[in-house]
1. Quick one: is ARG307 in a helix (DSSP H, G or I), under 22 Å from ILE172 (Cβ atoms) and open to solvent by 60 Å² or more (accessible area, probe 1.4 Å)?
2. Yes or no: the stretch 328-349 includes at least one residue that is in contact (Cβ under 8 Å) with a residue 24 or more places away in the chain, outside any loop (DSSP other than H, G, I, E, B) and open to solvent by 30 Å² or more (accessible area, probe 1.4 Å).
3. Which count do you get for residues in the stretch 76-98 that are assigned to a helix (DSSP H, G or I), modelled with pLDDT under 85 and surrounded by 16 or more Cβ atoms within 10 Å (Cβ to Cβ)?
4. Pull up the stretch 361-395, narrow it to residues that are farther than 25 Å from ASP419 by Cα and in contact with a Lys or Arg (Cβ under 8 Å, 6 or more places away or on another chain), then point me to the one that is most open to solvent (accessible area, probe 1.4 Å).
5. When you go through (1) part of a helix (DSSP H, G or I); (2) among the aliphatic types (A, V, I, L, M); (3) surrounded by fewer than 11 Cβ atoms within 10 Å (Cβ to Cβ); (4) assigned by the TED database to the domain that holds ARG370 one by one for ILE413, which number turns out not to apply?
6. Please go through (1) in the same structural domain as PHE185 (by the TED database); (2) not in a helix (DSSP H, G or I) for GLU265 and return the number of the only condition it doesn't satisfy.
7. Could you run through the stretch 46-67 and say how many residues are assigned to a helix (DSSP H, G or I) and touching a residue at least 60 places away in the same chain (Cβ under 8 Å)?
Amino acid sequence: MVLLHVLFEHAVGYALLALKEVEEISLLLPQVEECVLNLGKFHNVVRLVAFCPFSSSQVALENANAVSEGVVHEDLRLLLETYLPSKKKKVLLGVGDPKIGAAIQEELGYNCQTGGVIAEILRGVRLHFHNLVKGLTDLSACKAQLGLGHSYSRAKVKFNVNRVDNMIIQSISLLDQLDKDINTFSMRVREWYGYHFPELVKIVNDNATYCRLAQFIGNRRELNEEKLEKLEEITMDGAKAKAILDASRSSMGMDISAIDLINIESFSSRVVSLSEYRQSLHTYLRSKMSQVAPSLSALIGEAVGARLIAHAGSLTNLAKYPASTVQILGAEKALFRALKTRGNTPKYGLIFHSTFIGRAAAKNKGRISRYLANKCSIASRIDCFSEVPTSVFGEKLREQVEERLSFYETGEIPRKNLDVMKEAVVQAEEAAAEITRKLEKQEKKRLKKEKKRLAALALASSENSSTPEECEEVHEKSKKKKKLKPQETLQENGMEDPPVSLPKTKKKKAPKEELASDLEEMATSSAPKRKKSSPKEEVASEPEEAASPTTPKKKRKFSEEPEVAANFTKSSTKKKKKSQKAQED
């Protein structure tokens with residue numbers, strides 16, 4: 001009897017299920033197919049043994065990555081060792097992924113099976129999983145699957161920006177499109193300007209140069225000896241410039257109007273700008289290929305290597321291809337046509353554009369293309385999976401192809417692959433160490449600049465925050481100084497501060513003033529005498545002020561107030577006596 005267990009990986013955790021014992025696993029297939037859609041019947045065949053939920057989304061992502069890479073995670077190991085029987089020979093574990101099954105069988109020793117009845121059981125478990133696990137609803141299971149799917153996709157999309165090959169694919173596609181467009185536009189300029197100057201087509205063959213000349217010459221009748229130097233700069237050939245000048249004098253072309261000439265020059269300038277952009281794009285492609293695939297570009301060239309990567313879809317896909325596939329990559333139509341008609345299969349595809357196949361003899365083209373495809377496959381794998389990609393291996397592989405090419409021509413025996421690769425490994429280690437040293441220096445410089453920038457920002461912010469406080473402190477100090485100045489002057493003159501009883505005199509003075517106002521209302525006849533007394537008081541106070549000029553104003557006020565109060569009380573008593581006498585009369 002065989003005891004079959006099934007491992008099911010879900011977004012919420014691992015589930016281990018057991019099936020009823022049967023003599024042969026194949027006998028379960030018709031029963032499972034019948035009961036997959038019916039939950040009651042499915043419970044009779046399958047039962048849940050253990051469920052290990054994930055503690056967090058991060059743990060779920062780690063387990064999902066481990067399963068996809070064929071690695072046994074610690075959570076999965078603990079589940080299987082805890083709940084599977086100790087007698088491993090009698091246990092058969094069904095898994096959905098063959099890679100994780102091979103890893104479990106290698107590390108834990110359990111026999112694993114995939115496909116057949118296992119796939120049907122997993123289909124039923126996936127359908128009824130929320131009913132098999134207590135406390136799990138269909139909605140929560142769907143949310144967990146969605147969240148894990150998003151995090152898993154984000155983790156897979158992360159890549160090194162400097163080694164992305166998508167830019168190479170787009171660049172080489174745009175480069176091919178620009179070549180076609182520039183060729184079409186240049187032919188249009190040749191036809192259009194050929195009506196006016198037909199001899200120029202035979203003298204100049206390059207499309208970009210022809211467009212520059214059409215833009216510069218314009219009306220051929222205006223071309224003279226003064227423009228010969230500029231013609232030599234454009235054509236980079238003195239004989240061609242002289243031939244263009246002679247042909248313009250005896251040309252059979254028709255005359256052209258100014259408006260037509262303006263349109264031709266405008267279109268020519270557009271074609272010239274496109275050709276210049278094409279050159280800058282080629283430079284950009286070379287720099288990207290030196291970063292992403294230096295060995296492949298050193299072996300076969302930047303353009304052909306980029307076309308191979310673009311046709312394969314990515315550098316990783318190209319690295320997974322065997323050498324036979326790389327050899328005919330780009331000649332799929334010819335291959336399937338040959339297979340269909342039972343004719344000769346193609347010997348080369350995109351690698352035909354390399355210089356090696358063109359230099360080989362006709363009888364050796366197939367042999368050198370097969371050898372070159374082998375070296376291209378090795379170079380792409382080195383570029384894809386090396387941490388610090390260098391062009392050392394590509395240069396050594398190129399030397400091997402050169403030696404093989406000379407062997408086909410002269411019979412000179414090339415070096416062994418083992419010796420070449422030993423030299424390449426030593427040189428690659430040195431180059432990688434140099435590259436890492438440069439990167440570390442650049443990182444240190446960047447960190448120093450960042451520290452300086454942060455220190456400058458902190459200093460500026462501290463200055464900005466301290467300036468208002470300093471202003472307030474200065475303002476408060478100035479106020480204190482202003483208050484202390486009169487007190488210091490009084491102490492210097494030998495005078496003390498005024499007594500605190502001054503405000504009390506003011507309070508005593510207030511009822512006397514009220515009484516004086518009442519007396520003024522009662523005795524109106526004494527008002528002119530009061531007016532006469534006031535100038536006398538002022539005259540009396542003036543000599544006192546002149547006698548003490550050194551006293552400050554504040555002290556003078558304080559010393560004058562008691563004298564004024566005394567004078568006022570004397571005048572008020574005189575007024576009372578006069579009013580009493582008037583009443584008696």
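1. When the stated conditions are applied, ARG307 passes them.
2. No, the stretch 328-349 contains no residue that is in contact (Cβ under 8 Å) with a residue 24 or more places away in the chain, outside any loop (DSSP other than H, G, I, E, B) and open to solvent by 30 Å² or more (accessible area, probe 1.4 Å).
3. So the answer is 0.
4. In this case the residue turns out to be LYS365.
5. Checking ILE413 against (1) part of a helix (DSSP H, G or I); (2) among the aliphatic types (A, V, I, L, M); (3) surrounded by fewer than 11 Cβ atoms within 10 Å (Cβ to Cβ); (4) assigned by the TED database to the domain that holds ARG370, the one that fails is (1).
6. Checking GLU265 against (1) in the same structural domain as PHE185 (by the TED database); (2) not in a helix (DSSP H, G or I), the one that fails is (2).
7. Qualifying residue count, the stretch 46-67: 5.
Matching residues to (1) under 21 Å from ALA144 (Cβ atoms); (2) outside the structural domain of HIS10 (by the TED database); (3) open to solvent by less than 50 Å² (accessible area, probe 1.4 Å):
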{"residue": "ILE100", "(1), (2), (3)": "yes, no, yes"}
{"residue": "ALA103", "(1), (2), (3)": "no, no, yes"}
{"residue": "GLU107", "(1), (2), (3)": "no, no, no"}
{"residue": "ASN111", "(1), (2), (3)": "no, no, no"}
{"residue": "THR114", "(1), (2), (3)": "no, no, no"}
{"residue": "ALA119", "(1), (2), (3)": "no, no, no"}
{"residue": "ARG123", "(1), (2), (3)": "yes, no, no"}
{"residue": "HIS128", "(1), (2), (3)": "yes, no, yes"}
{"residue": "LEU132", "(1), (2), (3)": "yes, no, yes"}
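The values are calculated or read from the model by the stated rules, or taken from the named source; none is laboratory data. Treat the numbers as computed from the prediction; the structure is a model and nothing was measured. In this analysis, Cβ positions are derived from the backbone assuming ideal geometry, glycine residues included, and neighbour counts consider all displayed protein chains. Accessible surface is based on the protein model in full, side chains and every heavy atom, while ligands, DNA and RNA are left aside. Shrake-Rupley method; radii C 1.70, N 1.55, O 1.52, S 1.80 Å.
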